[in-house]
Amino acid sequence: MTTIITVLTEGYADWETALLNAVARSFYGVETRFATPGGAHVTSSGGLKVTPDLAVEDIDVSAIDALVVNGGSAWSQDDAPDIATVLVAARDAGKVVAGICDATLALAKAGLLDDIEHTSNSAENLPPTGYQGADHYQDQPSAVVAGKIVTAPGTAPVSFMAGVMQSLGLRDGNLDYYLGLHAAEHFDPSRRADRSRGAI
């Protein structure tokens, strides 16, 4: 069975991986598990309390298909969790590794973004980590998929979900239809009127 482990921290941003885990588990039968530094209970920015399945330190990358890191304020703190070892191990084992919002800081610190295309919340977000990938930064509002590394700004949970599912080889017509439903929210009704008059 395909397995995704999502790393959560205290104050994690609820919305960033909610769609990914819900779609993966409910519609594709993927096993979704959750890990925290030290196996500690955590509370999201919205107050959702989570009891993790395991500690980050106990993740066996050989037993998973994707390691996803949820964003949140913890990653930009001086005492941010150091999860570089498991990130590098997952990357080296050919697993999907994904980070959204400030979780991209953890990927940058681990050296995963030094030589591939990637994104984050802004171009200024990652250089303080000391990473060497600034020339590969993509300034865009949606997720970037580079091989099996997926990154996204915190405002892009839908394309992040799609990027991870695609990297797992699970993108299909049903997922494309689901993405279309979400995209409809951002459709500008005035453009419909313009098109009806022949405008592009």
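Using alpha-carbon pairs under 8 Å, 6+ residues apart, how would you state the relative contact order of the stretch 84-123 in percent?
41
Gap in Å between the Cα centre of the stretch 1-69 and the Cα centre of the stretch 125-161?
20
Rank by packing, highest mean first: peptides 35-46, 146-157, 57-68, with packing defined as the count of other Cβ atoms within 10 Å averaged across residues.
146-157, 57-68, 35-46
Comparing Asp172, Asp139, Asp79, which has the greatest mean-square fluctuation in the GNM of the chain with Cα pairs linked when under 10 Å apart?
Of Asp172, Asp139, Asp79, the Gaussian network model singles out Asp79 as fluctuating most.
Can you figure out the FRET efficiency of Gln138 with Lys49, using R₀ = 25 Å and their beta-carbon distance, to the nearest 0.05?
Rounded to the nearest 0.05, the efficiency is 0.10.
Count the net charge of all other residues whose Cβ sits under 14 Å from the Cβ of Asp135, scoring Lys and Arg as +1 and Asp and Glu as -1.
-4
Using the Cβ atoms and a cut-off under 14 Å, what net charge is assigned to the surroundings of Thr17, where Lys and Arg are +1 and Asp and Glu are -1?
-1
Using label points projected 7 Å from each Cα along Cα→Cβ, tell me how many nm separate Asn174 and Ser122, to one decimal.
4.0
Given points 7 Å out from each Cα along the Cα-Cβ axis, report the Ala40 to Asp114 separation in nanometres with one decimal.
A separation of 3.0 nm, rounded to one decimal place.
Search the structure for amide H atoms under 5 Å from the amide H of Val150, placed 1.01 Å from N in the peptide plane, and list their residues when 5 or more places away or on another chain.
Sorted by chain and number, the residues that satisfy this are Val97, Ala98, Gly99.
Suppose a student asked you for the relative contact order of the stretch 3-171, using Cα pairs under 8 Å spaced at least 6 residues apart; what percent would you report?
After rounding, I find 21 percent.
Could you work out, for the stretch 1-111, what percent of all Cα-Cα pairs fall into each 10 Å distance bin, beginning at 0 Å and stopping at the bin that holds the largest distance?
Bins of 10 Å from zero give 15, 52, 30, 2 percent of pairs.
Over 10 Å intervals from 0, what percent of Cα-Cα pairs in the stretch 133-187 sits in each interval?
23, 51, 22, 3
Please work out how much length the chain gains when fully extended from Ser26 to Ala84, using 0.36 nm per residue of separation minus the C-alpha to C-alpha distance, in nm with one decimal.
17.9 nm
When Lys and Arg each count +1 and Asp and Glu each count -1, what net charge do the other residues less than 13 Å away from Ser167, Cβ to Cβ, add up to?
Once positives and negatives cancel, what remains is +3.
No lab work stands behind these numbers, since they all come straight from the coordinates. All figures in this text were calculated on a predicted structure; none of them were measured in a lab. When we count neighbours, we look across all protein chains shown, and the Cβ atoms used for this are built from the backbone with ideal geometry, even at glycine.
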